[in-house]
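Everything on this sheet refers to the single structure shown next.
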């Protein structure tokens, strides 16, 4: 009996500890039976969207599309643009017209021609407000796109022309020097006109109809478990592919992901800081500064957050290094909104190297500001609610920030952990006092961050109204001189954060990945600061 | 008559020996039902162990925070993730908070949720099941089908939905646990009442003119007390586990308040680096739940008249 009880206790502890997240990363049976086939197994968070480039996208989509869909052009590691599906492209003098010439031999994996209409297909479907794509607004630089999305213009007026099957012409509403950067976004990927008619439809999970123009094609798809991608002989640069297959398996939880990597179940595992000690100095460990910014939104419509003194006090009254110590050793404090390690295509320098900090932490000054605003020592400050999704890093940050405000400023904040989707919908509905926010650059340009908080932006969830910032952004958007444009963007960020303290930058996070040392020839994707594995090789 | 009297002769009867005078006396002290049950309970080692552990955790919950020098939310960046030492008896977590203090507050929440929800379930379950069983007929039919409907929805769903509406706090966890929690109790009580109400003592009470309420609560329910208490002792660990689970998945007690579940969740990520941080809350949860189950089993055996 005693032994039995011991066993039960152990079992119970094990269940609690590992939370039995539905991990299902069995090695493909093909991999062992066909020993001559070379492939890699990639761990991913489970799919929370679809595989339709015009639809709801998730991390899973990004991993999938990196292997299966080939953009017109793509940013190379050295900052130049690689033409992939396009042969060449022309830009007019004032950067308002872009013409892409698609390669004659660009084909889908079933052998049919990959045409300009396939690219147009995704764009048109993404302009339906019901598509669920988070990237629709990236199309708004195209003439009439925003009007079509809002239902005030007809789809036929869209500023995209397909004069023939291999020519795609974009007419923009204003100069856009970073337009080619956008080409790797989902909304600019092709989707086959013949099959991809229904947005988020069944076609995108069916190997028969989910066609690929990229290095691999979808061979097998099991929902919530895995998808198997095989080498696409019709790919325009098929000679660069060395792998025979790529398998993407779903693993819900980071600790399970790391365990799966250790047991050899997967070859590539997105991990977190808990592996830094164990894998220190080993070739498996790959650390890249991420271009993800974590910051805290303050709702300008909620008193007393409408007072710039209060916002400044909250901003400089935090010791960010202490927050980072609790949030994990893969985080680094930041006083910028734009991610510190976003590389400028103009100077080749990181964002942080080009400018002084936007503010300095100073608890005494914060206390003084708070007193000036009418809350000496935090007395009388209303109990605001801090909403955040119940994920580890967000929970850690929220608890650390709350404790610091309490200790440094005497302010009591109530924490409210929410289910992820609930948090997003509350934020989008502007129903919060204080809310955590995270932004990962979608393309390597500071615009991806800064345009979110102009007064008229759909992403401006915290009711920021800052005419000086709007003005600087408008100037930057029409300026075609890269140096001047970057200077204006730096200035705009300074006004937004350093002067108006519109929200509170907290930290940047690193991307930590465990990669099987047998895998070689993978390169940094500078548009997302992650790795590209499509041309990876496998040594014996 | 007279003949018979004559037949009884005086020599038939003899005075007994004085030594046998006290043979009719009951030498064993007469015992009440409860003291007899206590006697049986004491012999059950597992049950006594359970009782001791539960009392230990109750003491910890009540007095632990008083003897600790720290508060549950006091962060200290200088002492992140330290191991157990004389200052921090169980070490600190990644915010530099004292784990012992947090464990005590966790015990408060767990035991509070456990006992209060059991009490609420007891009251609702006994009244509902009692009425349903005693009245019977159509009323019973309707009341029990209502129970079936409530029971058809997974209990976790109620909890999560209520948390969404009322926010993450002890109150909504309690409501969430109690909505489906009383059903087992109600069914148990109904079954007991149905069999008891057919017995003679119930009939006697009825004949003597006792009101229905008096018969139900003074006669029938009292006689079903054994199974009710056993059911009650199993409700407590169930509620504690639900609370720990909810806090573990991040929708329970709101931070920075400590709960065993949220402590386990916070330290889970660090399992490879500081496994000891995960050990404490899991140990507390396991010990409490096992002890309460042992205790329940022990009480059930002790109260069962067949074990006499």
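Details
- Unmet requirement for residue B:69, which otherwise passes all of (1) away from chain A (no Cβ under 14 Å); (2) under 30 Å from residue B:296 (Cα atoms): (2)
- Residue match in the range A:56-72 (condition: modelled with pLDDT of 85 or more, within 16 Å of residue A:122 (Cα to Cα) and touching a strand residue (DSSP E or B) at 6+ places or on another chain (Cβ under 6 Å)): yes
- For the range A:375-393, filtering for residues that are facing another protein chain (nearest Cβ under 10 Å) and over 16 Å from residue A:311 (Cα atoms) leaves 6.
- Applying the set (1) more than 14 Å from every other protein chain (Cβ to nearest Cβ); (2) assigned to a loop (DSSP other than H, G, I, E, B) to residue B:95 leaves exactly one unmet item: (1).
- Taken together, the residues in the range A:412-434 that are touching a strand residue (DSSP E or B) at 6+ places or on another chain (Cβ under 8 Å), part of a loop (DSSP other than H, G, I, E, B) and either surrounded by 23 or more Cβ atoms within 10 Å (Cβ to Cβ) or within 11 Å of chain B (Cβ to nearest Cβ) (or both) amount to 2.
- Residue A:476 assigned to a helix (DSSP H, G or I), surrounded by 22 or more Cβ atoms within 10 Å (Cβ to Cβ) and under 23 Å from the mean Cα position of the chain (by Cα): no
- Residue B:239 passes every criterion in (1) more than 14 Å from chain A (Cβ to nearest Cβ); (2) without any contact (Cβ under 8 Å) to a residue 40 or more places away in the chain; (3) within 22 Å of residue B:105 (Cβ to Cβ) apart from (2).
- Whenever a residue of the range A:455-480 is farther than 15 Å from residue A:497 by Cα, its partners that are exposed (fewer than 14 other Cβ atoms within 10 Å of the Cβ), lying with C-beta atoms within less than 7 angstrom and at least six residues away or across chains, give the pairs A:461/A:428; A:477/A:174; A:478/A:174; A:480/A:94.
- Leading residue by the ranking (nearest to residue A:321 (Cα to Cα)) among those in the range B:69-87 that are in contact with a helix residue (DSSP H, G or I) (Cβ under 9 Å, 6 or more places away or on another chain) and without any contact (Cβ under 8 Å) to a residue 60 or more places away in the chain: B:77
- Restricting the search to helices (runs of 4 or more DSSP H) fully inside the range A:224-331 and requiring at least 1 residues that are away from every other protein chain (no Cβ under 12 Å) and surrounded by 18 or more Cβ atoms within 10 Å (Cβ to Cβ) gives A:254-262, A:308-316.
- Qualifying residue in the range B:209-220 (condition: closer than 30 Å to residue A:257 by Cβ and crowded, with 18+ Cβ neighbours inside 10 Å): no
- Extreme residue, surrounded by the fewest Cβ atoms within 10 Å (Cβ to Cβ), among residues of the range B:256-271 that are in a loop (DSSP other than H, G, I, E, B) and facing chain A (nearest Cβ under 7 Å): B:271
- Residues located in the range B:161-198, provided they are within 13 Å of chain A (Cβ to nearest Cβ), surrounded by fewer than 20 Cβ atoms within 10 Å (Cβ to Cβ) and without any contact (Cβ under 8 Å) to a residue 40 or more places away in the chain: B:161, B:164, B:165, B:166
- Taking the listed residues B:276, B:285, B:289, B:253, the one that is buried (at least 18 other Cβ atoms within 10 Å of the Cβ) and more than 9 Å from chain A (Cβ to nearest Cβ) is B:253, with no other qualifying.
The values are calculated or read from the model by the stated rules, or taken from the named source; none is laboratory data. For clarity, every value in this text was computed on a predicted model and none was experimentally measured. Note: ideal-geometry Cβ built from the backbone for every residue, glycine included; neighbour counts use all protein chains shown.
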